[in-house]
1. If we scan segment 1-20, do we find a residue that is open to solvent by 20 Å² or more (accessible area, probe 1.4 Å), among the hydroxyl-bearing types (Ser, Thr, Tyr) and either out of contact with any Phe, Trp or Tyr (no Cβ under 9 Å at 6 or more places or on another chain) or under 30 Å from HIS135 (Cα atoms) (or both)?
2. Sort out which residues of segment 393-410 are farther than 22 Å from HIS289 by Cβ and in contact (Cβ under 8 Å) with a residue 40 or more places away in the chain, and write them in order of number.
3. Quick check on segment 407-426: of everything there that is more than 25 Å from ASN372 (Cβ to Cβ) and open to solvent by less than 80 Å² (accessible area, probe 1.4 Å), which residue is farthest from the chain's Cα centre (by Cα)?
4. Return yes when ARG27 is more than 20 Å from the chain's Cα centre (by Cα), basic (Lys, Arg) and open to solvent by 60 Å² or more (accessible area, probe 1.4 Å) and no when it is not.
5. Which condition from (1) over 25 Å from PHE131 (Cβ atoms); (2) among the β-branched types (Val, Ile, Thr); (3) touching a residue at least 60 places away in the same chain (Cβ under 8 Å) is the one that THR318 breaks?
6. Tell me the strands (runs of 3 or more DSSP E) entirely within segment 207-291 that contain at least 2 residues that are among the β-branched types (Val, Ile, Thr) and within 22 Å of the chain's Cα centre (by Cα).
7. Filter segment 63-101 down to the residues that are charged (D, E, K, R) and either on the phi > 0 side of the Ramachandran plot or surrounded by fewer than 18 Cβ atoms within 10 Å (Cβ to Cβ) (or both) and list them by number.
Amino acid sequence: MKREENFVLRGNICYSVKSTELRCVRRGDLLVLDGKVGAIFPEGELPERFSALPLTDYGEDILIPGMTDLHIHAPQYSFRGTGMDLELLDWLSTNTFPEEAKYRDLSYAERAYTDFVSDLRESVTTRALVFATIHVPATLLLMEKLDESGLITMVGKVNMDRNSPDFLRETTEESRRSTEEWLSESAGRFQRTFPILTPRFTPSCTDELMRELGTLKARMGLPVQSHLSENLSELAWVKELCPWADCYGETYRRPGLLYGEGKTVMAHCVYSSEEELSLLAESGSYIAHCPQSNTNLSSGIAPIRRYLDRSLRVGLGTDVAGGANLSMLRALTDAIAVSKLRWRIMDETLRPLCFEEAFYLATKGGGSFFGNVGSFEEGYEADILVLSGRRESVREQGIRERLEQLVYLGGEGTRLRAKFVAGREIALDAV
């Protein structure tokens, strides 16, 4: 067994068992074997056969599972926090498309992606689904940098063959050919970074291109990421472009992008109809809830309570640069906040999310896209965050209360002391 993947961490331990159950262990020993969670023991009860393993005692710090960002745009990181006075479609034309076009210049991509990957490594994100651009060389560069970071990610070369500016549009044949080129060049090249098919969204992809991507998905068993029912203007546009579709989700189902071997994640789903939700449920597709982005771009508030009540698969995304920062802690607390607003001003039948549920979405809910990820149950991959408060509170607090406070304080009073992905520690600059 590799030494770096076999060890014991001691501290206060918190993890989700199910969406409404947060399990907390006071001063426990978290055993990691071959990069996976072996067991949790009360302090002083670690079996003798594990006594020779390296043990790190984090005192009163809190150990939680790593967080999965189910939706983020790497090339948009450079303009995060700017131009937030527009709605989605205008925002894409004004901010996003001109910026993404710059990634045809590999030297620009080198500088931009270095910043993005460095900051993502320092965040609480341990796994992510990442949009790149239409450019194959820049997408491969991003994959290489993410692979070197130690994080586990899926990255998509974006497909766009209509309704985008000339400087950021492929022909259908170019999009198909460049996607196959990207898949061929990335095959077997990376250890922790994997390809995911990425039609930007239905308005930017013709029916023919969607069919080509569906064929690729079926042939290669690839996962898929895209956008769905994010904005009211977008929905009206899809109806014009695809009058044959009974709902927006049908534009992905018919070409084969929802079903099959590879998993599918759809970002937003703010306005998903009952028919659309049935498609997502039947196909086992995931919903990436991006509360900060939905607020910044005036899209609306997704009814996440309804989706959880229907046992849909839901996780969280930062959606940079619709969201202004990489913080999954912020995504967690924003999910709670917007659910309260929806309950109060829109629909009092949908009770707000509680802390336990939002924590579950950020960890086990989204992590399950990658398999047994996002919990400290036995056999789960050992993605671990060690959170520390900069100062002790004058109040006496339980572990669950301390965790909630650390999550809400974020950068103000919370420090990421250590980070592990699949049992391997990630070197942090600020520890």
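1. No; the residues of segment 1-20 include none that is open to solvent by 20 Å² or more (accessible area, probe 1.4 Å), among the hydroxyl-bearing types (Ser, Thr, Tyr) and either out of contact with any Phe, Trp or Tyr (no Cβ under 9 Å at 6 or more places or on another chain) or under 30 Å from HIS135 (Cα atoms) (or both).
2. Correct list: GLY398, ILE399, ARG400, ARG402.
3. Only one residue fits best here, namely GLY413.
4. no
5. If we test THR318 against (1) over 25 Å from PHE131 (Cβ atoms); (2) among the β-branched types (Val, Ile, Thr); (3) touching a residue at least 60 places away in the same chain (Cβ under 8 Å), just (1) comes out false.
6. Numbers: elements: 224-228, 264-268, 286-289.
Of the strands (runs of 3 or more DSSP E) lying wholly inside segment 207-291, those with at least 2 residues that are among the β-branched types (Val, Ile, Thr) and within 22 Å of the chain's Cα centre (by Cα) span 264-268.
7. Selection gives ASP85, GLU87, ASP90.
Here's the yes/no breakdown for (1) among the basic types (Lys, Arg); (2) under 30 Å from ARG305 (Cβ atoms):
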{"site": "CYS24", "(1), (2)": "no, yes"}
{"site": "ASP34", "(1), (2)": "no, no"}
{"site": "ARG49", "(1), (2)": "yes, no"}
{"site": "TYR58", "(1), (2)": "no, no"}
{"site": "ILE64", "(1), (2)": "no, yes"}
{"site": "THR68", "(1), (2)": "no, yes"}
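The values are calculated or read from the model by the stated rules, or taken from the named source; none is laboratory data. This is a predicted model, so every value here is computed, not measured. Neighbour counts run over all protein chains shown; Cβ positions are idealised from the backbone, glycine included. Just so you know, the surface numbers come from the protein's heavy atoms only, side chains and all, with ligands and any DNA or RNA stripped out. Shrake-Rupley method; radii C 1.70, N 1.55, O 1.52, S 1.80 Å.
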